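Peer 1: First the structure, which I've put down as structure tokens, then a few questions once you've had a look.
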Amino acid sequence: MRDLFIEYLPENPLIIAIVTIIANIIIAIFGVLPSAFLTTINIIYFDLKLAIIISIIGESLGAIVSFILYRKGLNRFTAKYKIQSHFLKKLQSTTKSKAVLLIILLRILPFIPSGAVTLTAALSSIRIIPFTIASTIGKIPSLLIEVYSINKVFSINSSGWKETIIYTSLILLLLYILKYFRNKRKLKQ
């Protein structure tokens with residue numbers, strides 16, 4: 001699978017790095033697409049350490065550019081329509097240390113969309129430098145998990161696929177059962 005994918009990539013590693021970083025920025029601006037396929041390209045083409053570094057650079061630059069664009073757009077939008085909600089006032093009055101901690105925590109959680117975190121930060125009063133630091137620090141653990149997972153998928157041999165599907169199915173079934181009983185318990189209360 002890995003060799004099949006490499007066929008379609010350019011020969012120059014610098015071009016691949018630049019293209020994946022630019023693609024990360026574009027994905028971050030739109031805020032809805034996952035960037036795992038870019039991490040996959042980096043893992044396939046580069047060694048693991050360099051793939052992680054390129055992915056972190058791309059994700060960080062994407063967060064910075066989208067933060068700036070979101071903030072400019074939101075400032076124009078809220079000024080034009082004179083929007084002032086309780087939520088917006090609360091976000092804008094958040095202290096820098098709370099905002100930094102919240103961004104780090106939200107970036108670490110893999111199931112929260114990156115665009116939502118950036119949009120929320122753009123609504124807050126946090127400045128670009130603390131946002132950049134917090135966003136990058138928070139992205140590192142989730143990227144490491146992503147890189148590890150993708151790397152494991154590539155290292156599975158043909159018999160390993162069966163085991164992976166069985167284990168994944170069992171885990172999903174267990175999660176479903178736990179959710180079912182939790183919801184049932186909530187209904188009784």
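Peer 1: Could you list, in sequence order, all residues of segment 104-141 that are polar (S, T, N, Q) and either on the phi > 0 side of the Ramachandran plot or out of contact with any helix residue (DSSP H, G or I) (no Cβ under 6 Å at 6 or more places or on another chain) (or both)?
Peer 2: S114, T120 - these are the residues of segment 104-141 that are polar (S, T, N, Q) and either on the phi > 0 side of the Ramachandran plot or out of contact with any helix residue (DSSP H, G or I) (no Cβ under 6 Å at 6 or more places or on another chain) (or both).
Residue-by-condition table, conditions (1) of a type outside the set (A, V, I, L, M); (2) open to solvent by 100 Å² or more (accessible area, probe 1.4 Å); (3) at pLDDT 75 or above:
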{"position": "I145", "(1), (2), (3)": "no, yes, yes"}
{"position": "N151", "(1), (2), (3)": "yes, no, yes"}
{"position": "N157", "(1), (2), (3)": "yes, no, no"}
{"position": "S169", "(1), (2), (3)": "yes, no, no"}
{"position": "R182", "(1), (2), (3)": "yes, yes, no"}
{"position": "K186", "(1), (2), (3)": "yes, yes, no"}
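The values are calculated or read from the model by the stated rules, or taken from the named source; none is laboratory data. The structure displayed is predicted, hence computed values, not measured ones. Ideal geometry is used to build each Cβ from the backbone, glycine not excepted, and the neighbour counts take in all protein chains shown. For the accessible areas, the whole protein counts, side chains as well, though only heavy atoms, and no ligand, DNA or RNA atoms are used. Shrake-Rupley method; radii C 1.70, N 1.55, O 1.52, S 1.80 Å.
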